[in-house]
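The structure under discussion appears below in the form of structure tokens.
None of the figures in this text is laboratory data; all of them are computed from the coordinates on show. Since the model is a prediction, treat every value here as computed from it, not as a measurement. Neighbour counts run over all protein chains shown; Cβ positions are idealised from the backbone, glycine included.
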Amino acid sequence: MTSPDPEPVVADAQAEMPAPQTVAVAVPVTVTVGAGDTLLGFALDYGVPMAAIQLQNDLGNSTMVRLGQQLLIPPRAAWEGASPFWIVHVVSQGETLGGIARTYGLTLSDLQGANGLADADVLGIGQSLVLPVRDFVETRAAAPATAVPVTAVPTVVVAAPATVEPAAGATVAAPTVVPPTAVSAAPAPPPADVADWGRETVRIINEVRAQHGLPPLIYNETLEQAGQIQANDCAARRSCSHTGSDGSTIKDRVLRVGYQPASWAECWARRLTPQGAVDIWMDEIPPNDPHRRTLLTTWLPEIGVGVAKGEWGYYFLAVFGRPLR
């Protein structure tokens, strides 16, 4: 008995809003998390890296904030020259500084410098490291809305992102075309616990991005909730699309979980493993490569992934976003 062909995989993206203005902070201030607030949003507003807020509030590597939670925003002066996209990574068993640097596309010297580490070999389990990842490139792009089959995987039908009209006076730049990435012949097995597959999917995506000289996407648990809602819905109805069984759109679901997006995107696939999902998204040839371009985005800094078991394989729902500030 043969396995059924995979379901269609689709990606959508929409243009971003103008960059936010930062607010200078001379002394620590306390903020209360409101509806739609995100860690990245606070970092952009106050001109400090997310890592500064994570460390100040003992958040570990979590980027999740809760409604009504009080956060202490440290002085901006202490983080002069740092990007808002700097984040915290908590060292786990078996990790090395060099391996962490490669995963996030950093040099060993940059990672040591950001953390004041004289010896790259001295690393402890549970240690918090600041990852000095680069800023995202500001772009505004809209891809054509024509449906195109994937030549490398003839059983998969791909619909390109719907075109979004830019605001009056806004400039629209064509997306950067990056050569296809070679897929590893022997990928590592995924974590045994499917609950960890969302983060594993993003880890693989970030490895691919590092190969293209791009900074890692930041994992956002709120976007994960939006992805999980749709993944569960797809599993329940045994089919998938960007429209929920209740008629919801990508933006509807993102708003429902409390994320206020300036721009958003979603990729979905039905595959057996996280590696399989990333492979099928990346296995596209420019210019007919909407999923590949979404994974290599330079205007959507955050991602969350929901995973649900289907009759065959698993539904992977990757939701990308940039918060509206």
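Kirkwood Rh over Cα pairs of segment 223-325 into Stokes-Einstein at 10 °C, 1.306 mPa s: D in µm²/s?
After rounding, the answer is 116 µm²/s.
Ranked from highest to lowest mean number of other Cβ atoms within 10 Å per residue, what is the order of the peptides 192-199, 211-218?
211-218, 192-199
Collect residues whose amide H, placed 1.01 Å from N in the peptide plane, falls under 5 Å from the amide H of M64; neighbours closer than 5 in sequence don't count.
E221
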